[in-house]
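Below is one structure, written out as structure tokens, with a few remarks after it.
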Amino acid sequence: MKCLIIILFILISNLLYSQNKKNIGNVNADEIKVGDLIVKRHDAGKMSWDDAIITCEKIGEGWRLPTKQEMAVLYKKKEVIGGFEKDGYWSGFSIDGHLAFVQSFYKNINGPNAKHDLLFVRPVKSLSK
């Protein structure tokens, strides 16, 4: 009888744990949920815009650079998310073949930057599809 109760407890615990993971979008310890986004808690490095796109894709399905609007949210929540350098971060918004949108995490300054420059990358993933 005790074995049956223990097995039942383990099954229920596993079911509740898997439901909980689905509800928070399978967020790992190195990630944080911010609104409808999963954000990596650490930078992926400092690199060109083209390398940043490739690096995010290599992390896994759905990982990408943040949009301009998402960058504004990340800046507002930078203390909660943590780990940001006082420097520029790439967004996924390409202005043209040579420029992309950048958000400074030192001061709330943003705008175009040459894609060949080396800036920081903070990958994000949408919770909703």
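Quick notes on this structure:
- For region 29-126, the relative contact order is 38 percent, taking Cα pairs closer than 8 Å that sit 6 or more residues apart in sequence and dividing their mean separation by the residue count.
- For region 81-86, 3J(HN,Hα) computed residue by residue from phi via the Karplus equation (6.51, -1.76, 1.60; θ = phi - 60°) reads 5, x, x, 7, 7, 7 Hz, glycine and proline entered as x.
FYI, it's all coordinate maths here, none of it is from the lab. Just so it is clear, the structure is predicted and the values come from calculations on it, not from any experiment.
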